[in-house]
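Peer 1: Structure below; questions to follow.
The values are calculated or read from the model by the stated rules, or taken from the named source; none is laboratory data. This is a predicted model, so every value here is computed, not measured. Note that we place each Cβ from the backbone using ideal geometry, even for glycine, and neighbour counts take in every protein chain shown.
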Amino acid sequence: MVTQVNGRIKDRIDSKTVRKSILEDERASYDNKNAGFQSLANATIKILNHAFWLANQKKTHFAEYKKQLAKYGWKGEEKRYLKIAKVFEKFSPQDLSQIEPATIFLLANESKKYQAVFEQLLDLPEITQNRLRELIQEQQKTKQPKPEKPSIWRRTSNGRRYCQIPPIHEEDERTGITLQKMMDEEGLTAQQIVAEAIALRQALKQAAS
């Protein structure tokens, strides 16, 4: 029994040694051929080719398309590639070979956000990762947030609308002190006093016009 256990342990050690040796040889071959960036470019081209092929299969052979998705367990996963096909339909895979794969997926997932970038890419004689990064950064710098229109309207949980006046910040607290004094002396609520004040202001504006 001990001999058998020792034999299995030795086999596992030998197997690990062989796998490690193969992996080291593959890495050495990869480095020696300086194939790193070229392999990445090939990956991008393959991703785009697959995306275009998938989109064409869906359009021309829908029944077979669904069968293949089910066969390979890709149902649902294909959506990312169909997005790529739609977003980059005006480009060839070779046009984008210098763009690394993760960026391809990023742009496809946020196509609306980067629409201006896509339009600029069409005008470039050569599309590179550096130039693409510059275009993305330029868009982020120039994009100004839209100012929100102030609104006093709020809604209750049942959907009814009501008016809510934002806090009034003053150094001398004049508005708050005056409002509180009116409430105490006249027995009115803050809402009633504010409503009267607004109605009076509106009447004065109409009389002046």
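Peer 1: Which condition does GLN139 not pass, out of (1) under 27 Å from the mean Cα position of the chain (by Cα); (2) farther than 21 Å from LEU40 by Cα; (3) loosely packed, with under 15 Cβ neighbours inside 10 Å, if it passes all the others?
Peer 2: Among (1) under 27 Å from the mean Cα position of the chain (by Cα); (2) farther than 21 Å from LEU40 by Cα; (3) loosely packed, with under 15 Cβ neighbours inside 10 Å, the lone unmet condition for GLN139 is (3).
Peer 1: Determine which single condition ILE99 fails, assuming it passes every other condition in (1) among the aliphatic types (A, V, I, L, M); (2) part of a helix (DSSP H, G or I); (3) touching a helix residue (DSSP H, G or I) at 6+ places or on another chain (Cβ under 8 Å).
Peer 2: The single condition ILE99 does not satisfy is (2).
Peer 1: Also, quick follow-up: From (1) surrounded by fewer than 15 Cβ atoms within 10 Å (Cβ to Cβ); (2) at pLDDT 90 or above; (3) of a type in the set (Gly, Ala, Ser), pick out the condition that doesn't hold for ALA85.
Peer 2: (1)
Peer 1: Using beta carbons and a limit of 8 Å, which pairs, at least six apart or on different chains, have the first residue in the stretch 33-44 and hydrophobic (A, V, I, L, M, F, W, C) and the second one at pLDDT 75 or above and not in a helix (DSSP H, G or I)?
Peer 2: Close Cβ pairs satisfying both conditions: LEU40/GLU100; ALA41/SER97; ALA41/GLN98.
Peer 1: Test THR128 against the criterion of being surrounded by fewer than 10 Cβ atoms within 10 Å (Cβ to Cβ), modelled with pLDDT of 85 or more and not hydrophobic (A, V, I, L, M, F, W, C), and give yes or no.
Peer 2: Answer is no for this residue.
Peer 1: Can you list the helices (runs of 4 or more DSSP H) lying wholly within the stretch 103-205 that have 2 or more residues being over 30 Å from ALA85 (Cβ atoms)?
Peer 2: Where helices (runs of 4 or more DSSP H) fall fully within the stretch 103-205 and carry at least 2 residues being over 30 Å from ALA85 (Cβ atoms), they are 174-186.
Peer 1: Please count how many residues of the stretch 181-204 are within 17 Å of ILE165 (Cα to Cα) and of a type in the set (Gly, Ala, Ser).
Peer 2: Of the residues in the stretch 181-204, 4 are within 17 Å of ILE165 (Cα to Cα) and of a type in the set (Gly, Ala, Ser).
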